[in-house]
Every structure is written in C-alpha cells, then in structure tokens.
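First comes the structure, then the notes that go with it.
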Amino acid sequence: MKELNIQIPIKIYEYEELTDADRKLIDAACEATQRSYAPYSHFSVGAAAQLENGITVTGTNQENAAYPSGLCAERTTLFYANSQYPDQAVDTLAIAARNERGEFLEDPIPPCGACRQVMLETEKRFKHPMRILLFGKKGIYELKNVGGLLPLSFDASAME
Ligand code: THU
C-alpha cells in the first residue's frame, strides 16, 4: 500500500496586505456583486478576471426561474472573458460573495465544483497559471493556480 498526500499551498492575506493590483481586483469582484441577478438564492457573487493584456472583466451569478438554467459568477466571467478575448490568458481571478443580508462572507467564498472545472480548462487552454483570490472578511486566500482547487483533476490529457 502506498499513500499519496497532496498538499495545497494557500496564502492568507489581510486586505491591507494585498498589492495595489490585487486590492483593485478584489474591489472589482466585490463591486460586481451589486450587479448579480439572484432573486431566488439572494446570494450575490461577483468575479473579476485580470487578463494578460491588462483588461479586467467582471461577471456575476445570473439566476433563472428554471433553476439549473442559471450560471455562477465565475463561469459567467470566464466565458465572457474567453469570448471577448479568446487569445488572452487570465492572470488572476478574484471572487467575492454577499449573503442574503447583503453582507460579504466572513470566510473566503469556495467556488463550486463545476466552476473549478471551467477554471481548470481556462488555465490549460492558455498553458498559463491562473492565480485565484477568494475574498472573505476574515482573510483572502491566494492560490497560485487552479490545481490547488481541484486536485486529481480531469482534463483533456486524460483522453490522450
Ligand atoms: N454561486 C456562484 O455564483 N458561485 C459560486 O462559487 C457558488 C454559487 C451562485 C449560484 C447561485 O446563483 C447562488 O450562488 C446560490 O448557489
């Protein structure tokens, strides 16, 4: 029997410790939550993608009366970024969320599994690590790439 221990390095920053660029990106994700369309869950998520060309793209969760037809903020943002700028890698993706009382989450927002898979595809397609910033009032998690969010992940290489 062998054992595999996968370690996931996560840096935890206080807002004031972030670089100016990261603070701006977190601010953009927080601000985007105001444009969320979440009449059913009342959970407002915002994401901000910093592209390699310097452009920042934001997106929010978009819900639907037919619940599964809605989409999370992370996928809305990445699909929009990849649609508008198909040749631009994403350097950093920042994510923030507010609860039904309108308060930002205390703990860093954990992206859902489907969004993690889409993040991985974005990282792989550009062969460029995508840094992830997860905003929480108690701290901001920084992951150096998507691999940390999705160990033992499935990607196109498995089908070769
Ligand atoms: N949601 C996101 O936008 N991102 C996440 O990472 C988790 C969940 C959205 C989907 C739905 O609109 C609402 O939050 C509640 O699940």
What distance in nm lies between label points placed 7 Å from Cα along the C-beta direction at TYR80 and ILE10?
2.6 nm
So for the chain, averaging the separation of alpha carbon pairs under 8 Å that are six or more residues apart and normalising by length, what relative contact order in percent results?
23 percent
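Please give the direction-averaged projected area of the C-alpha convex hull for the chain, in square nanometres with one decimal. Walk me through the numbers before you get to the answer.
Details: hull surface 44.9 nm².
In nm², the orientation-averaged hull projection of the chain is 11.2.
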Taking springs between alpha-carbon atoms closer than 10 angstrom, which of GLN84, GLN50, GLN34 fluctuates most in the Gaussian network model of the chain?
GLN84
My understanding is that a pair violates if its Cα-Cα distance is over 18 Å; which of LYS2/LYS144; LYS124/LYS144; LYS2/LYS124; LYS11/LYS127; LYS24/LYS137 do that in this structure?
LYS2/LYS144; LYS2/LYS124; LYS11/LYS127
How far is it, in nm, from the label point at ARG125 to the one at PHE104 when both lie 7 Å from their Cα along the line to the Cβ?
3.0 nm
Counting sequence-distant residues (5 or more places) and residues on other chains, those with an amide H built under 5 Å from that of ASP91 are GLN50, LEU51, GLU52
Amide H to amide H under 5 Å from LEU18: which residues, 5+ apart in sequence or cross-chain, H placed 1.01 Å off N in plane?
none
What is the Cα centroid distance between the stretch 38-90 and the stretch 134-150, reported in whole angstrom?
17 Å
What list of ³J(HN,Hα) values in whole Hz, one per residue of the stretch 75-92 in order, does the Karplus curve 6.51 cos²θ - 1.76 cosθ + 1.60 (θ = phi - 60°) give from phi, with Gly and Pro shown as x?
6, 4, 5, 5, 5, 5, 4, 6, 6, 7, 10, x, 10, 10, 5, 9, 6, 9
Calculate one ³J(HN,Hα) per residue across the stretch 140-146 by plugging θ = phi - 60° into the Karplus curve 6.51 cos²θ - 1.76 cosθ + 1.60, and present them in order as whole Hz with x for glycine and proline.
10, 7, 10, 10, 5, 7, 6
Cβ under 13 Å from ALA81's Cβ, ALA81 left aside: what net charge do those residues give with Lys, Arg +1 and Asp, Glu -1?
-4
Fluctuation leader among ALA114, ALA81, ALA38 - the chain, Gaussian network, Cα springs under 10 angstrom:
ALA114
Note down the nm distance, to one decimal, between modelled labels 7 Å out along Cα→Cβ at ALA158 and at ASP20.
4.3 nm
When the Karplus curve 6.51 cos²θ - 1.76 cosθ + 1.60 is applied with θ = phi - 60°, which whole-Hz ³J(HN,Hα) does each residue of the stretch 111-127 get, with x for Gly and Pro?
x, 6, x, 5, 5, 4, 5, 5, 4, 4, 4, 4, 4, 5, 5, 9, 6
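No value in this document is a laboratory result; all are computed from the given coordinates. Since we're looking at a predicted model, the values are computed, not measured. All Cβ positions, even for glycine, are placed from backbone atoms using ideal geometry, and neighbour counts span all protein chains on display.
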